[in-house]
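Visitor: Structure incoming, see below.
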Amino acid sequence: MILGGTSGERAVSLESGKACIKVLKKKYIVSKFDPKFKNFNLIDKRKIDVIFNALHGKNGEDGIAQTYFEYLKIPYTHSGVISSYNAMNKIISKKIFIKSKILTPKYLKYSYRNNINKSKLINNLQKKIGFPLVVKPLNEGSSVNVFICNKNNILKTLTKLNEYGEVLLEKYIPGREIQVAILENKVLGAI
């Protein structure tokens with residue numbers, strides 16, 4: 001069981017891993033591996049039949065962990081390298097949605113390298129997206145560092161997220177989000 005890691009979703013991953021271990025231990029021998037404390041290269045592939053990937057976020061769902069598992073030639077649960085990378089990168093996902101004619105909110109990628117005048121930025125956002133808007137990292141999950149902003153707090157929020165280098169700015173669409181898990185044409189539940 002790979003769990004924990006170093007992303008902003010570490011706590012969620014530890015809980016997911018703990019729940020999975022509880023169930024898997026009923027039928028299998030399960031060992032834990034936390035990449036926060038050991039590098040993926042230190043996985044002893046001679047002692048592993050399959051890796052259950054309970055990592056969340058960066059280095060867990062974005063193709064990085066999957067690249068190591070592929071390199072080590074260990075079967076693993078999760079999508080493959082390319083699909084993981086594409087799904088976790090919000091800009092690539094949006095381009096795929098648009099190409100596939102799937103509705104997605106208007107967006108802009110904001111790069112902190114571009115030293116743009118603050119009033120010009122707000123005017124540009126108003127014109128191209130409108131307020132309120134959503135600001136989020138390009139490759140985090142579980143709503144880590146996701147903010148709904150208006151003209152009054154957008155600059156403060158962007159300052160708070162400058163460690164990412166780039167963020168996604170997206171039209172805010174109010175409503176409820178419902179996710180439904182389906183396995184082999186059977187609905188497993190909705191959250």
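Visitor: If the cut-off is a Cα-Cα distance under 18 Å, which lysines reach residue 127, setting aside same-chain residues fewer than 8 apart in sequence?
Guide: 106, 109, 118, 151, 171
Visitor: How long is the chain along each principal axis, judged by its Cα atoms, biggest number first, in Å?
Guide: For the chain, the Cα extents along the three principal axes come out at 58, 37, 28 Å.
Visitor: Taking the Cα centroid of the range 112-156 and of the range 1-74, what is the distance between the two, rounded to the nearest whole Å?
Guide: 34 Å
Visitor: Taking θ = phi - 60°, what integer Hz values does the Karplus form 6.51 cos²θ - 1.76 cosθ + 1.60 yield along the range 72-86, in sequence order, with x for Gly and Pro?
Guide: After applying 6.51 cos²θ - 1.76 cosθ + 1.60, I find 7, 6, 10, x, 8, 8, 2, 5, x, 4, 5, 5, 5, 4, 5 Hz.
Visitor: Under the 0.36 nm per residue contour assumption, what length would be gained going from the current alpha-carbon distance of residue 172 and residue 159 to full extension?
Guide: The residue 172-residue 159 span can extend by a further 2.7 nm.
Visitor: Now, a different point. Arrange the residues 56, 78 by how much accessible surface each exposes, largest first, with a 1.4 angstrom probe.
Guide: Result of the area sort, largest leading: 78, 56.
Visitor: Could I ask something else about it? Roll a 1.4 Å probe over the protein chains and send me the accessible area per residue for the range 30-118 in Å².
Guide: That works out to 69 Å² for each residue.
Visitor: Enter the angle in degrees (range 0 to 90, nearest 10) between the Cα long axis of helix 118-128 and the first principal axis of the Cα atoms of the chain, meaning the one along which they spread out most.
Guide: Value to nearest ten degrees: 80.
Visitor: So for 127, 18, what's the accessible-area order with a 1.4 Å probe, most first?
Guide: Ranked list, largest accessible area first: 127, 18.
Visitor: I've got another one for you. Quick check: pseudo-label points 7 Å beyond the Cα along Cα→Cβ at residue 18 and residue 114, how many nm apart are they?
Guide: Label-label distance for residue 18 and residue 114, simple model: 4.3 nm.
Visitor: Of all accessible surface on the chain at a 1.4 Å probe, what whole percent is carbon and sulfur?
Guide: Solvent-exposed carbon and sulfur of the chain make up 54 percent of the total.
Visitor: Of the cross-linked pairs 136/156; 25/58; 32/90, which ones have a Cα-Cα span greater than 18 Å in the structure shown?
Guide: Checking Cα-Cα distances, 25/58; 32/90 exceed 18 Å.
Visitor: Using a 1.4 angstrom probe and counting only protein chains, how large is the accessible area of residue 188 in Å², to 10?
Guide: Here the accessible area works out near 110 Å².
Visitor: Turning to a different aspect of this structure: What does the accessible area of residue 159 come to, in Å² to the nearest 10, when a probe of 1.4 Å is used?
Guide: 90 Å²
Visitor: Here's something else I'd like to know. Using Cα positions and a limit of under 20 Å, work out the aspartates and glutamates in reach of residue 95, with same-chain residues fewer than 8 apart set aside.
Guide: Cα-Cα hits under 20 Å: 61, 62, 140, 166, 170.
The values are calculated or read from the model by the stated rules, or taken from the named source; none is laboratory data. Small disclaimer: the values here were computed from a predicted structure and weren't measured. Note that each Cβ is placed from the backbone with ideal geometry, even for glycine, and that neighbours are counted across all protein chains shown. Just so you know, the surface numbers come from the protein's heavy atoms only, side chains and all, with ligands and any DNA or RNA stripped out. Shrake-Rupley method; radii C 1.70, N 1.55, O 1.52, S 1.80 Å.
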